[in-house]
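Trainee: Provided herewith is a single structure, encoded as structure tokens, for subsequent inquiry.
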Amino acid sequence: MSTEKPHFQEIETLYSDHHAWLYGWLRKKLDNRFDAADLAQDTFLRIFTARQIATTTINEPRAFLTTVAKGLLINWYRRAALERAYLDALALLPEPQTPSPEQRLLILETLQEIDAMLDTLPPLVKRTFLLSQLEGMQYGDIAQHIGVSLITVKRYMKQAFLQCLIGMNDANGQL
């Protein structure tokens, strides 16, 4: 009998043997059983959809699950921080300017998509883009602030704007 199992069978075994452990680990990290359950499911979904595991035998399943779950947990914390910052900004608005719950959800989803798109950029390009778009800094000031030439700032901004366009096209293509 071969030591390699079909992809779905290995995932099924991994799930049945370690789901309860992973859920408990996440629950301790999050102190919330609902979010822990969601992240545990997301962890197995991520593994199930990953192609490289299809022919790989997992020697240390808990270490493997922890690694995958930590990546998802980092994203979850980032989304939660983004949501808190957005809600804090909303709290400062006068009542008539407060968006409806539906608008809030759309805005929050858009912010999360933008954040994910910006994370695909090299760190200096992302920083340049944020200094320009959020801080309102001029390109010359950005160049001085981060210690690069003006032409480099322009190149970084072009790269960031192109990534935004690609992200918008991808989002529109998925509709």
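The values are calculated or read from the model by the stated rules, or taken from the named source; none is laboratory data. Note that the structure is predicted; figures quoted are calculated from it, not measured. With ideal geometry, Cβ positions are generated from the backbone for all residues, glycine too; neighbour counts draw on all protein chains shown. Ligands, DNA and RNA are stripped out before the accessible areas are found, and what is left, the full protein with its side chains, is counted by its heavy atoms. Shrake-Rupley method; radii C 1.70, N 1.55, O 1.52, S 1.80 Å.
Trainee: Within region 65-85, track down each residue that is at pLDDT below 90, open to solvent by 70 Å² or more (accessible area, probe 1.4 Å) and more than 11 Å from the chain's Cα centre (by Cα).
Mentor: Within region 65-85, Glu83, Arg84 qualify.
Trainee: Moving on to the next point. Return the only residue of Leu134, Leu121, Leu106 being of a type in the set (A, V, I, L, M, F, W, C), under 21 Å from Asn75 (Cα atoms) and open to solvent by 50 Å² or more (accessible area, probe 1.4 Å). Working first, answer last.
Mentor: Working: Leu134 fails: under 21 Å from Asn75 (Cα atoms); Leu121 fails: open to solvent by 50 Å² or more (accessible area, probe 1.4 Å).
Only one candidate qualifies: Leu106.
Trainee: Is there a residue in region 138-149 that is open to solvent by less than 70 Å² (accessible area, probe 1.4 Å), hydroxyl-bearing (Ser, Thr, Tyr) and farther than 24 Å from Leu82 by Cα? Break it down into steps so the answer makes sense when it comes.
Mentor: From region 138-149, those open to solvent by less than 70 Å² (accessible area, probe 1.4 Å) are 140, 142-143, 146-149; that's our starting set.
Retained after the next criterion (residues that are hydroxyl-bearing (Ser, Thr, Tyr)): 149.
Okay, now just the ones that are also farther than 24 Å from Leu82 by Cα, so 149.
Yes; the residues of region 138-149 include at least one that is open to solvent by less than 70 Å² (accessible area, probe 1.4 Å), hydroxyl-bearing (Ser, Thr, Tyr) and farther than 24 Å from Leu82 by Cα.
Trainee: So, in region 91-103, of the ones that are over 25 Å from Trp76 (Cβ atoms) and open to solvent by 60 Å² or more (accessible area, probe 1.4 Å), which residue ends up modelled with the highest pLDDT? Spell out how you get there, then give the answer.
Mentor: Here is the first cut: in region 91-103, the ones over 25 Å from Trp76 (Cβ atoms) are 92-98, 100.
Still in the running and open to solvent by 60 Å² or more (accessible area, probe 1.4 Å): 92-97.
Values: Leu92: 80, Leu93: 75, Pro94: 76, Glu95: 71, Pro96: 71, Gln97: 71.
Among them, the one singled out is Leu92.
Trainee: Another question, if that's okay. List the residue pairs whose Cβ atoms are under 6 Å apart, where the first residue sits in region 101-118 and is touching a residue at least 12 places away in the same chain (Cβ under 8 Å), the second is surrounded by 13 or more Cβ atoms within 10 Å (Cβ to Cβ) and not in a helix (DSSP H, G or I), and the two are 6 or more positions apart or on different chains.
Mentor: Partner pairs satisfying both residue conditions: none exist.
Trainee: To continue, here is another question. In region 3-29, which residues are open to solvent by less than 70 Å² (accessible area, probe 1.4 Å) and modelled with pLDDT of 90 or more?
Mentor: To start, the set of residues in region 3-29 that are open to solvent by less than 70 Å² (accessible area, probe 1.4 Å) comprises 6-7, 10-11, 13-14, 18-19, 22-26.
His18, His19, Leu22, Tyr23, Gly24, Trp25, Leu26 - these are the residues of region 3-29 that are open to solvent by less than 70 Å² (accessible area, probe 1.4 Å) and modelled with pLDDT of 90 or more.
Trainee: With respect to Ala85, determine if the residue is more than 26 Å from Asn169 (Cα to Cα), in contact with a helix residue (DSSP H, G or I) (Cβ under 8 Å, 6 or more places away or on another chain) and without any contact (Cβ under 8 Å) to a residue 12 or more places away in the chain. Talk me through it step by step, then tell me what you get.
Mentor: Numbers: more than 26 Å from Asn169 (Cα to Cα): yes; in contact with a helix residue (DSSP H, G or I) (Cβ under 8 Å, 6 or more places away or on another chain): no; without any contact (Cβ under 8 Å) to a residue 12 or more places away in the chain: yes.
Criteria not met by Ala85.
Trainee: Restricted to region 44-64, and to residues that are open to solvent by less than 40 Å² (accessible area, probe 1.4 Å) and in a helix (DSSP H, G or I), which residue is modelled with the lowest pLDDT?
Mentor: Taking region 44-64 as the starting set, the residues that turn out to be open to solvent by less than 40 Å² (accessible area, probe 1.4 Å) are 44, 47, 50, 53-54, 58, 61.
Now drop any that are not in a helix (DSSP H, G or I), which leaves 44, 47, 61.
Working: Phe44: 87, Ile47: 83, Pro61: 88.
Here the answer is Ile47.
Trainee: OK, next. Which of (1) surrounded by 11 or more Cβ atoms within 10 Å (Cβ to Cβ); (2) farther than 30 Å from Lys158 by Cβ is the odd one out, the single condition Thr128 does not satisfy?
Mentor: (2)
Trainee: Name, by its number, the condition in (1) modelled with pLDDT under 80; (2) surrounded by 13 or more Cβ atoms within 10 Å (Cβ to Cβ); (3) outside any helix (DSSP H, G or I) that does not hold for Gly167.
Mentor: Against the list (1) modelled with pLDDT under 80; (2) surrounded by 13 or more Cβ atoms within 10 Å (Cβ to Cβ); (3) outside any helix (DSSP H, G or I), Gly167 comes up short only on (3).
Trainee: Would you tally the residues in region 88-104 being outside any helix (DSSP H, G or I) and of a type in the set (A, V, I, L, M, F, W, C)?
Mentor: Number satisfying all stated conditions: 2.
Trainee: Among the residues of region 148-155, is there at least one that is over 25 Å from Asn75 (Cα atoms), touching a residue at least 24 places away in the same chain (Cβ under 8 Å) and part of a helix (DSSP H, G or I)? Steps first, answer last, please.
Mentor: Let us first name the residues in region 148-155 that are over 25 Å from Asn75 (Cα atoms), namely 148-155.
Applying the additional criterion that residues be touching a residue at least 24 places away in the same chain (Cβ under 8 Å) yields 148, 153.
If we keep only those that are part of a helix (DSSP H, G or I) too, we end up with 153.
For region 148-155, residues over 25 Å from Asn75 (Cα atoms), touching a residue at least 24 places away in the same chain (Cβ under 8 Å) and part of a helix (DSSP H, G or I): present.
Trainee: What pairs come up if the first residue lies in region 8-36 and is within 14 Å of Ile58 (Cα to Cα), the second is surrounded by 17 or more Cβ atoms within 10 Å (Cβ to Cβ) and at pLDDT 95 or above, and their beta carbons are under 7 Å apart, counting only those six or more places apart or on different chains?
Mentor: none
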